[in-house]
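Novice: Sharing a structure, written as structure tokens. Questions coming.
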Amino acid sequence: MQIGNIKDAKIEDMQAEVDEFLKEKQVHNVSVESSLPFSIISIAQGEGFKKIFLNLGVETVIDGGQTMNPSINDILTAITLCKKDFVVVMPNNSNIILAAQEAKKLAKTKTVEIIPTSNVVQAIPAILSFNTEGTFEENMSNALKMLETSHSVSITYSIKKTQLNGLKIKKGDVIGMLDEDIVSKGKNPAEVITNMIKDKNEIFKDAEFIGIYFGKETKAEDTEAVAKAFKEHFPDVEIDIIDGGQPYYYYLISIE
């Protein structure tokens, strides 16, 4: 009886540690049961994106992103708690990739691969490329190829005065990024997107799908106007509007 009580106490202590980690790091791990032979960890901000990832079968979503990067230990703990022996981590921010790679080195009980996604919209087509019949290695290869062939647009604001790619940018200017490069600026998101449609026409016109994820502070009517602009210029492209709920970014746009 005494030994049993000690074992029960240890199990309760371990569960308490897990519960505390999930609460402190705002980790969400109630997902659609995935038939994939590996677990997926995704890092994201915005209630919309968290729901999207969980519905896609992501096992664990760690709250984090721009200005709020999870630590190496946060990612390592999430890896350790995964149900399956093979784990895929999607950092979804260029500032988090290194921490994810370090966590991979420290993970002794799991086989871990890092898909170096620099934003959340890159992760979605990568996840959709996974095939239950493929090997772990084949799935990782397919996801990396998807990163090479898809593009993303980020519409946010500048936090400082700078000059890049021939653009003189003031603090507070709205800026448009194609993948990792700032390519447009303006007074409001609609102006920036309109400029990008004109200047980067070849990127958009070859797409099969454009997903427009609007942010926490973005008005629905503004998003509809943006979608209308895309539809007018690219009538043959499938366009969806999705509530991402992300902070800091007016829009995150996936081009596939």
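The values are calculated or read from the model by the stated rules, or taken from the named source; none is laboratory data. Please read all numbers here as calculations on a predicted model, not as lab measurements. Please note: Cβ atoms are built from the backbone with ideal geometry, for glycine as well, and neighbour counts cover all protein chains shown.
Novice: Restricting the first residue to the range 93-117 and requiring it to be within 24 Å of residue 254 (Cβ to Cβ) and in the same structural domain as residue 129 (by TED's automatic domain parsing), which pairs with a second residue that is at pLDDT 95 or above and part of a loop (DSSP other than H, G, I, E, B) meet a Cβ separation below 6 Å and a spacing of at least six or different chains?
Specialist: Once the first residue is within 24 Å of residue 254 (Cβ to Cβ) and in the same structural domain as residue 129 (by TED's automatic domain parsing) and sits in the range 93-117, its partners that are at pLDDT 95 or above and part of a loop (DSSP other than H, G, I, E, B) give 97/91; 97/116; 100/91; 117/92.
Novice: Which ones in the range 61-112 are crowded, with 21+ Cβ neighbours inside 10 Å and assigned to a loop (DSSP other than H, G, I, E, B)?
Specialist: The answer is 64, 70, 82, 91, 92, 93, 96.
Novice: Please enumerate the residues belonging to the range 239-248 that are of a type in the set (Asp, Glu) and touching a residue at least 40 places away in the same chain (Cβ under 8 Å).
Specialist: The one that is of a type in the set (Asp, Glu) and touching a residue at least 40 places away in the same chain (Cβ under 8 Å): 243.
Novice: On to the next question. Please verify whether residue 140 is touching a residue at least 40 places away in the same chain (Cβ under 8 Å) and over 20 Å from residue 226 (Cβ atoms), treating the condition exactly as stated. Can you show your working first?
Specialist: Working: touching a residue at least 40 places away in the same chain (Cβ under 8 Å): yes; over 20 Å from residue 226 (Cβ atoms): yes.
For residue 140, the condition - touching a residue at least 40 places away in the same chain (Cβ under 8 Å) and over 20 Å from residue 226 (Cβ atoms) - is met.
Novice: While we're looking at this one, here's another question. Tell me yes or no: at least one residue of the range 223-237 is of a type in the set (S, T, N, Q) and surrounded by fewer than 19 Cβ atoms within 10 Å (Cβ to Cβ).
Specialist: For the range 223-237, residues of a type in the set (S, T, N, Q) and surrounded by fewer than 19 Cβ atoms within 10 Å (Cβ to Cβ): absent.
Novice: Does the range 213-238 hold any residues that are in contact (Cβ under 8 Å) with a residue 24 or more places away in the chain and either under 19 Å from the mean Cα position of the chain (by Cα) or in a loop (DSSP other than H, G, I, E, B) (or both), and which are they? It would help to see each step written out before you state the result.
Specialist: Taking the range 213-238 and keeping what is in contact (Cβ under 8 Å) with a residue 24 or more places away in the chain, we get 213-218, 222-223, 225-226, 229-230, 233-234, 237-238.
Listed by number, the residues that qualify are 213, 214, 215, 216, 217, 218, 234, 237.
Novice: Give the range 116-136 a look and list any residue that's surrounded by fewer than 15 Cβ atoms within 10 Å (Cβ to Cβ) and under 20 Å from residue 181 (Cα atoms), or say none.
Specialist: None - no residue of the range 116-136 is surrounded by fewer than 15 Cβ atoms within 10 Å (Cβ to Cβ) and under 20 Å from residue 181 (Cα atoms), so the list stays empty.
Novice: Among the candidates 141, 129, which residue alone is in the same structural domain as residue 39 (by TED's automatic domain parsing), hydroxyl-bearing (Ser, Thr, Tyr) and over 24 Å from residue 45 (Cβ atoms)?
Specialist: On the way: 129 fails: over 24 Å from residue 45 (Cβ atoms).
Within the list 141, 129, the selection yields 141.
Novice: Against the definition (in contact (Cβ under 8 Å) with a residue 24 or more places away in the chain, part of a strand (DSSP E or B) and either touching a Leu at 6+ places or on another chain (Cβ under 7 Å) or not assigned by TED's automatic domain parsing to the domain that holds residue 48 (or both)), how does residue 193 come out, yes or no?
Specialist: Values: in contact (Cβ under 8 Å) with a residue 24 or more places away in the chain: yes; part of a strand (DSSP E or B): no; either touching a Leu at 6+ places or on another chain (Cβ under 7 Å) or not assigned by TED's automatic domain parsing to the domain that holds residue 48 (or both): yes.
Against the criterion (in contact (Cβ under 8 Å) with a residue 24 or more places away in the chain, part of a strand (DSSP E or B) and either touching a Leu at 6+ places or on another chain (Cβ under 7 Å) or not assigned by TED's automatic domain parsing to the domain that holds residue 48 (or both)), residue 193 does not qualify.
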